[in-house]
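Here is the structure we will look at.
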Amino acid sequence: MKRFLAALLPLFCLTACAPKAQEYSTDFFAMNTFMQARVLGQDAQQTATAVEQRVNALDKLLSRTREDSEIYRLNHANGAAIETEAAAYIALALPQIEATSGSFDPTVAPLTDLWGIGTEAAHVPAQEEINQAMAHVGWENIQVNGSQVTLKNGAEIDLGGIAKGAAADECAQILRDAGNEGLLALGGNIYAVGTNNGKPWVVGIADPDDTADYLATVAVQELSVVTSGDYERYFEQDGKRYHHIFNPATGYPADSGLRGVTVIDQSSVRADAMTTALFVMGLEKGMAFCEQNEIAAVFITSEKEIYTTSKVSEICEFSFVGEDKGYTYAS
Amino acid sequence: MLRRLKWGDAVIIAAVLLGAAALAVVLAVQTAGDRLYAEVWRGSELIERVALTDTTEQTIEVDGHNTVILSGKTARMAQADCHDQVCVRTGTLTHAGQVAVCLPNKMIVKLVGASSEVDVIVS
């Protein structure tokens with residue numbers, strides 16, 4: 001018997017010492033979107049659970065629609081100064097607003113409500129209604145003083161433009177602290193933590209007309225990849241598409257000739273805010289902004305062209321695969 | 001030590017090593033994942049898991065709200081009673097890792113198993 005057990009040892013080693021890391025994947029709904037966490041390494045399930053819990057905690061803090069959230073409380077404070085834990089996250093948004101001269105602006109909430117995009121009440125409002133809503137839009141209405149926030153001029157704040165980014169950044173750190181690697185997909189925010197068994201994670205950039213498929217890939221590690229496009233939440237009226245990314249200067253969905261913008265960055269918050277701002281800026285202004293500020297971005301135009309900024313090739317491996325879908329890679 | 005190794009010991013060791021090698025090959029093939037599966041989830045509840053082959057033809061109705069069609073090695077949300085229709089517009093899933101999500105009905109269709117060129121698609 002001893003001989004038999006001793007002989008079993010190599011069998012155990014060959015099977016138990018598998019080359020791949022322990023892996024645990026979980027799917028869940030939070031922040032009004034679908035999320036996936038794939039964790040590699042020891043205690044992967046425990047880490048994935050911690051990720052889900054942190055996302056849910058941030059959802060409760062930063063949601064605009066949940067009546068028990070801090071942002072809801074702030075938006076309904078009638079301009080009073082509010083002491084809130086959410087101040088730290090609003091403070092994260094402010095540099096992005098300033099850097100983009102307000103192309104990214106979390107005070108577009110009244111416009112989001114008015115247009116109702118993504119809801120059954122979606123419609124094109126009258127110009128007068130848009131003007132009325134615009135009177136409350138403007139990032140200068142946000143005042144942050146330490147942990148105290150004041151919203152002036154009837155402004156409301158919607159952190160949807162950075163909340164998933166904040167969640168991705170914090171959850172990536174949860175993986176690192178636990179000694180895990182993995183891939184977080186929090187709605188349109190991806191965070192590639194470490195490697196996939198020694199190789200970079202490969203992220204496909206969706207085809208705006210067939211989001212199950214992709215036009216390009218980026219191979220990344222220790223980077224976030226975030227996309228915004230006109231193809232997820234939208235409605236059509238009189239043959240025209242109205243999507244959810246608003247131009248704070250016009251009160252209308254941004255009509256910039258772009259279908260999607262992807263930003264690759266170590267900070268998912270920054271990438272999140274930049275995709276929105278670059279979509280509003282359009283190709284020419286957006287490309288110039290990226291070159292000036294060293295932002296890695298991929299632009300997809302309505303003319304079926306794909307452009308990348310010079311920073312892209314510096315931080316990841318980009319591959320264009322959209323030829324058979326009629327796209328051209330312009331730069 | 002080798003002198004003390006008996007004929008019977010050698011046979012057992014050789015057999016076990018052969019068995020281990022065969023098992024390792026089987027596991028490697030499984031890990032590479034030639035098989036492609038379609039999974040249909042309602043929230044955290046797995047409703048169906050179907051191994052897809054070239055001849056798969058199956059329609060899955062979920063609570064009268066969503067209809068999933070499996071055809072060959074593909075899956076798609078063919079119909080949904082949600083207002084945004086994002087899941088239907090997602091199109092046909094053909095590779096592991098692709099997901100079609102009906103957010104209002106908390107319904108998910110995804111392909112898993114066979115190795116894919118991408119780990120995730122960002123949209």
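The values are calculated or read from the model by the stated rules, or taken from the named source; none is laboratory data. What you are looking at is a predicted structure, and each value in this text was computed from that prediction instead of being measured. Ideal geometry is used to build each Cβ from the backbone, glycine not excepted, and the neighbour counts take in all protein chains shown. Side chains included, ligands, DNA and RNA excluded: accessible areas come from the protein's heavy atoms. Shrake-Rupley method; radii C 1.70, N 1.55, O 1.52, S 1.80 Å.
Annotations for the structure displayed:
- Percent of beta bridges antiparallel (DSSP, chain A, rounded to nearest 5): 95
- Lys/Arg +1, Asp/Glu -1 at C-beta; chain A dipole; positive extreme among A:Ala86, A:Ala168, A:Ala288: A:Ala168
- Buried on assembly, segment A:223-260 (at least 40 Å² less accessible surface than by itself, 1.4 Å probe): A:Glu232, A:Tyr234
- Sum of -39500 (n - 2.57) over DSSP H runs of 4+, divided by residues of chain A (222 nm, nearest 500): -11000 deg cm²/dmol
- Ratio of the Cα radius of gyration of segment A:226-331 to 2.2 N^0.38 Å, where N counts its residues: 1.06
- Averaging the Cα positions of each part gives two centres, and for segment A:245-301 and segment B:88-114 these lie 27 Å apart.
- Where A meets B: accessible area buried, both sides, 1.4 Å probe, Å²: 3200
- Estimated from the Cβ-Cβ distance and a Förster radius of 60 angstrom, the FRET efficiency linking A:Ser313 and B:Lys6 is about 0.40.
- Accessible surface of the protein assembly as shown [probe 1.4 Å, protein heavy atoms]: carbon and sulfur percent: 51
- Simple point charges give the picture: +1 on the Cβ of Lys and Arg, -1 on the Cβ of Asp and Glu, and for the protein assembly as shown a dipole about the Cα centre of about 2180 debye.
- Solvent exposure of chain A amounts to 44 Å² per residue of accessible area, where only protein heavy atoms count and the probe is 1.4 Å.
- Under the Debye formula (equal points on every Cα, no solvent term), log10 I(q)/I(0) of segment B:40-91 at q = 0.20, 0.28, 0.32 Å⁻¹: -0.72, -1.19, -1.29
- Put a dot 7 Å past the Cα of B:Leu18, heading toward its Cβ, do the same for B:Glu48, and the two dots end up 4.4 nm apart.
- By the rule of a C-alpha distance below 14 Å, with chain neighbours fewer than 8 residues away ignored, the aspartates and glutamates paired with B:Lys110 are A:Asp27, A:Asp213, B:Glu39, B:Glu45, B:Glu48, B:Asp119.
- Cβ-based charge dipole, the protein assembly as shown, positive-most Cα from A:Val193, A:Trp115, A:Thr65: A:Val193
- Amide H contacts for A:Phe246 (H built 1.01 Å from N in the peptide plane; partners 5 or more residues away or on another chain; cut-off under 5 Å): A:Ala254.
- At a threshold of 20 Å², the residues of segment B:106-123 that become less accessible to a 1.4 Å probe in the full protein assembly than in their chain on its own are B:Lys106, B:Ile108, B:Lys110, B:Glu117, B:Val118, B:Asp119, B:Val120, B:Ile121, B:Val122, B:Ser123.
- For segment B:72-95, a decrease in accessible area of 30 Å² or greater in the assembled protein chains relative to the isolated chain, with a 1.4 Å probe, applies to B:His83, B:Val86, B:Arg89, B:Thr90.
- Nearest-10 value in Å² for the accessible area of A:Asp43, using the 1.4 Å probe: 90
- If the chain linking A:Ala81 and A:Asn153 were pulled fully straight, counting 0.36 nm for each residue of separation and taking away their Cα-Cα distance, it would gain 24.6 nm.
- Approximating the spin labels as points 7 Å out from Cα along Cα→Cβ, the A:Glu98-to-A:Lys304 distance works out to 4.4 nm.
- Counting 0.36 nm for each residue step from A:Asp113 to A:Phe28 and taking away their Cα separation leaves a gain of 28.0 nm.
- Sequence-separation-based contact order of segment A:76-161, relative, with Cα cut under 8 Å and 6+ spacing, percent: 43
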